[in-house]
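To start, the structure under review is shown below, and the notes come after it.
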Amino acid sequence: MNNREAIHQWVVQAARFGVFLFFYFTLFYASAQAPQFSQFYAAPLNLAPSFAGATNGSRLVMNYRNQWPQLGNAFVTYAFSFDHYFHNYRSGAGVVLLRDQAGSSRLANTRGGLVYSYNFKVDHRWTMRPGVQFLYEQISIDRNRLIFGDQLSLTGDNSNSSHTSVDMDQRGYFDASSSLLVYSANTWAGLTFDNMMRPNQSMTSGGTSRLPLKFSVYGGYRFDYGGTYSQQGHESISIAALYKNQGTFHQFDLGVYWSKDPVSLGLLYRGIPFLKNPAGSIMNNDALVLMGGLRTRDLRIGYSYDFTISRLINNTGGAHEISVIYQFNQIPAAKRHGRIPCPDGQL
């Protein structure tokens, strides 16, 4: 057995193991609240550093998400990234920025990082992209907006409120992520490890609250109709899945996407049916997401709306999300590396 055959068998075994993990994870319940995007492939560097340099030139990505606006902008997230593929070095590099703000007390999470990935062919069908990210993150809160129990009185006298003695400040720390993406012309699968340094995110003096390791696994398949991707009139249907685990929290997304230039549509389900949460009281149904988008040669614009289907269905106002992707400085087609087949901008 030569090296090429050995590598091919290794990739096949890895793919089988990935399928096993996929069905294994679907047996767990899904419940979590952290900065996230329903259009997760439209925020590629937030999903995995392996997506750095996924185009054949430069790319700018901007994302906005307003989750549960009926609760007073409960979760508002902004993200920006830039990445470029260096053809001579088979490498992608970029920067990513994200700010997430939650609640009336303005609990904020701001982070920025540097991302790198390397692209190499396993054989004539499969390509592999390992990636790493190093970032600095800061969390903060507006103490003056906190409301304590002893501030709630009929007289309005809160001069002795305990909030004046609360020792709480912003916290900054370094962290790292790593990922591995494997793909062919129509199939892709990957995994990402976030919070690898387990930073202390406690905002109180002397407190300790280690951020749990986050694990994500994702993948899918694209069915092509009416010619190849680069041909006019190309049409495709893609199926994509994403599972995330952090500590005791689990989340599973499953979506189907239809695309025919210049229009794209998508439908995504978040949750795991027929399984209850740890309390055993409700089903793990979170949201149905409708997506739509337009694309030109260089520009992709997407919008999605999350319909809440949990117990909060009448109280949240769902979630609005907008993504803009602009590609430029793309190299000639003859020199391009293999294209990742996941839904472009997830739309």
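If I filter the range 296-316 for residues that are surrounded by 15 or more Cβ atoms within 10 Å (Cβ to Cβ), touching a strand residue (DSSP E or B) at 6+ places or on another chain (Cβ under 9 Å), assigned to a strand (DSSP E or B) and at pLDDT below 85, do I get at least one hit?
Within the range 296-316, not a single residue is surrounded by 15 or more Cβ atoms within 10 Å (Cβ to Cβ), touching a strand residue (DSSP E or B) at 6+ places or on another chain (Cβ under 9 Å), assigned to a strand (DSSP E or B) and at pLDDT below 85.
Taking Lys335 and the conditions (1) surrounded by 15 or more Cβ atoms within 10 Å (Cβ to Cβ); (2) at pLDDT below 85; (3) in contact with a His (Cβ under 8 Å, 6 or more places away or on another chain), which numbered condition does it fall short on, given that it satisfies the others?
(1)
Assigned to a strand (DSSP E or B), β-branched (Val, Ile, Thr), closer than 27 Å to Asn186 by Cβ and modelled with pLDDT of 95 or more: does that describe Val115? So that I can check it myself, show each step before the final result.
Numbers: assigned to a strand (DSSP E or B): yes; β-branched (Val, Ile, Thr): yes; closer than 27 Å to Asn186 by Cβ: yes; modelled with pLDDT of 95 or more: yes.
Answer is yes for this residue.
Counting only residues that are over 23 Å from Gly318 (Cα atoms) and of a type in the set (Ser, Thr, Tyr), which one in the range 52-86 is modelled with the lowest pLDDT?
Thr55
Counting only residues that are touching a residue at least 12 places away in the same chain (Cβ under 8 Å) and β-branched (Val, Ile, Thr), which one in the range 186-215 is nearest to Tyr257 (Cα to Cα)?
Initially, the range 186-215 is screened for residues touching a residue at least 12 places away in the same chain (Cβ under 8 Å), giving 186-205, 210-215.
This time we only want the ones that are β-branched (Val, Ile, Thr), so: 187, 192, 204.
Details: Thr187: 14, Thr192: 23, Thr204: 45 Å.
Filtering first and then ranking leaves Thr187.
Answer yes if at least one residue in the range 92-103 is over 26 Å from Tyr326 (Cα atoms), modelled with pLDDT under 90 and surrounded by 14 or more Cβ atoms within 10 Å (Cβ to Cβ), and no otherwise.
If we filter the range 92-103 for residues that are over 26 Å from Tyr326 (Cα atoms), which is where we start, we get 102-103.
So of that shortlist, the ones also modelled with pLDDT under 90 come out as 102-103.
Keeping just the survivors that are surrounded by 14 or more Cβ atoms within 10 Å (Cβ to Cβ) gives 102-103.
Yes, there is a match, as at least one residue in the range 92-103 is over 26 Å from Tyr326 (Cα atoms), modelled with pLDDT under 90 and surrounded by 14 or more Cβ atoms within 10 Å (Cβ to Cβ).
Which members of the range 320-332 meet the condition of being at pLDDT 90 or above and in a loop (DSSP other than H, G, I, E, B)?
Initial filter on the range 320-332 (at pLDDT 90 or above): 320-329.
If the condition is that a residue be at pLDDT 90 or above and in a loop (DSSP other than H, G, I, E, B), then Asn329 is the only one that fits.
The values are calculated or read from the model by the stated rules, or taken from the named source; none is laboratory data. Small disclaimer: the values here were computed from a predicted structure and weren't measured. FYI the Cβ positions are ideal-geometry reconstructions off the backbone, even for glycines, and counts take in every protein chain you see.
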